[in-house]
Amino acid sequence: MRRICLAVCAIVTLAMTGATQHHDDKYIVCGATLGLVDGTTGTLTTIYDNAGTAYDAVMDVDNRSLWFIESGGIMKVDVITNAVTTILPTAGLTSPYDLALNQDADLVIADGNSILKLTGAGLSTIATAPTAAGSLAGGLEIDIDTGHYVVQSKSSPNALFAIDDAGTITTLGTGGSPRWSIAQDIITGDWYQGSFSALYKLQKPTSTFVATTLSGGAAYFYAFASDRASDANRRFVSIHNNGSTTSRFNYIDVTTHAVTLTTLNHAIYNYETEIYRSRDFCSVKTAPGKWTLLLNLPTKAGQSYVMALSLTGVRPATLLPDGRRIPLAIDPLTVLTLNNQIPTIFQPGSGVLGATGTGIGSLDVSSLPPLPGIRVWAAAVVLGTSSVDTIVDPIGINL
């Protein structure tokens, strides 16, 4: 217990005067154009436009390449050079709408009423929902608590499903009004569902969506995403068409549901919003029982970082004096990893981000007996000269 208290004190002391931190107010929009929106200037820069509709996009593990769906199939684009590669043509797919990247860095695809997985070995089907569930076209995310794929049906009873890698389908909740997007508040574990002008909340452990009461003006939630879970004032971001020449940019406070509206000088009919270069911490499976842990923050090159693990989860998060939270429950494994006491299992890397802002750690349980049903969580912080600079969102790995 004393070691755990010392670990908490060390992390809190490091926080000092750190400020509330959001992402850099840049967002990928998926619609008639795959574009980059600057939330500060209101400008839209085209990344890819091939007269097709882009339905969803996710950052790859390099935090630079972007997987996306359009009429040509599953594509990948370099957001710096705009070079585009077709990864999976539409032939063989039914109706792909949503993408996610799992703990092994495999691409997961919501295709019609099936969930598919693309690995180095090819394309496989994880699960196919019952016909009564309808199309699973609206939203695909990964549950931080379980690692399950969470997807919503757009047919009555408008259910939210959790699907594991074995293909088992569980109903999490019903009664919402789904459009395109869902998002999880990592700090509480609650799920949110976007509708036309309402935001529906599925609060754990309930099983019925409830419409939230918003303040500050009407917002549109066809396409919304969560910003950093560590922020003192957590928020969702939503971008949607507001007329023939303009679009509406919304920040929604997760706790108060207050809405801040901004008008962009472009008309964007948006199917999905993705935080630009948001894949700043992720895992990549390299062999059975082995994962590389990647930190990628291009603007933080040369700064020190700390990685740690937990067997408990992401709650309760560690509250810092400035209001931010480190979403990792501190337990004995956290202490062992902070003190580098299990180097054959966990290596946090050099502790300093390289010239491109990258840090590499590793998790290796290949020498241990099988660990079915065991999940471990990882978190990381980047340090400034006298404070915690950046707290990345946590990741989870089912061993």
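No value in this document is a laboratory result; all are computed from the given coordinates. Bear in mind that the values here come from a model prediction, so they are computed numbers and not experimental data. When we count neighbours, we look across all protein chains shown, and the Cβ atoms used for this are built from the backbone with ideal geometry, even at glycine.
Summarising the label geometry, the points placed 7 Å from Cα in the beta-carbon direction at A83 and L399 lie 4.0 nm from one another. Within the shell of other residues whose beta carbon sits under 9 angstrom from the beta carbon of R279, the net charge comes to -1, with Lys and Arg scored +1 and Asp and Glu -1. Does region 289-399 come out rounded, prolate or oblate by the C-alpha gyration tensor, with a ≥ b ≥ c the root eigenvalues, rounded set by a/c under 1.5 and, if not, prolate when a/b is larger than b/c and oblate if not? Oblate shape, in that a/c is at least 1.5 and b/c is the bigger or equal ratio. Which cross-chain or sequence-distant (5 or more) residues have an amide H under 5 Å from the amide H of G147, H modelled 1.01 Å from N in plane? Residues meeting the criterion, in which the H sits 1.01 Å from N, do not exist here.
Charge tally for Y192 (other residues, Cβ to Cβ under 14 Å; Lys, Arg +1; Asp, Glu -1): -1. Of the lysine pairs in the chain, how many meet both conditions: Cα atoms under 27 Å apart, and a spacing of 8 or more in sequence or different chains? Lysine pair count for the chain: 15. Annotation: amide H-H contacts under 5 Å for I47 (H modelled 1.01 Å from N, sequence separation of 5 or more, or interchain): L34, G35, L36. Listing Y269, Y192, Y276 from fewest to most neighbouring C-beta atoms within 10 Å gives Y269, Y276, Y192.
I'd like to compare 78-85, 198-205: which one has the highest average count of other Cβ atoms within 10 Å, and what's the full order after that? Walk me through the numbers before you get to the answer.
On the way: 78-85: 13.1, 198-205: 18.2.
Put in order of decreasing packing, that is 198-205, 78-85.
Extension gain for T256-I342 works out to 26.8 nm (0.36 nm per residue, less the C-alpha to C-alpha distance). Across the chain, the relative contact order, built from alpha-carbon pairs under 8 Å that are at least six residues apart, equals 15 percent. Phi angles across region 106-119 convert, under the Karplus curve 6.51 cos²θ - 1.76 cosθ + 1.60 with θ = phi - 60°, into 3J(HN,Hα) values of 7, 8, 10, 10, 8, 10, x, 10, 10, 10, 10, 9, 10, 10 Hz, Gly and Pro given as x.
Computed from backbone phi with θ = phi - 60° and the Karplus coefficients 6.51, -1.76 and 1.60, the 3J(HN,Hα) list for region 373-388 is x, 9, 10, 10, 10, 10, 9, 8, 10, 9, 9, x, 5, 9, 7, 6 Hz; x is used for glycine and proline. The 3J(HN,Hα) values that the Karplus relation (6.51, -1.76, 1.60; θ = phi - 60°) gives for region 273-287 are, in residue order, 10, 10, 5, 5, 6, 8, 7, 8, 8, 7, 10, 9, 6, 10, 6 Hz. Gly and Pro appear as x.
Between D98 and A110, the built amide H atoms are under 5 Å apart, and every one of these is 5 or more places off in sequence or on another chain.
Is the shape of region 290-343 rounded, prolate or oblate, going by the alpha carbon gyration tensor and its root eigenvalues a ≥ b ≥ c, with a/c under 1.5 for rounded and a/b larger than b/c for prolate?
Details: a/c = 1.84, a/b = 1.08, b/c = 1.71.
Oblate, since a/c reaches 1.5 and b/c is not below a/b.
Spacing of the modelled spin labels on T206 and A32, each 7 Å from Cα toward Cβ, amounts to 3.9 nm.
Principal-axis analysis of the Cα atoms of the chain puts helix 2-15 at an angle of about 60° to the longest axis.
Once you list every other residue whose beta carbon is under 14 Å from the beta carbon of G73, what net charge do they have if Lys and Arg are +1 and Asp and Glu are -1? Cβ neighbours under 14 Å give a net charge of -2.
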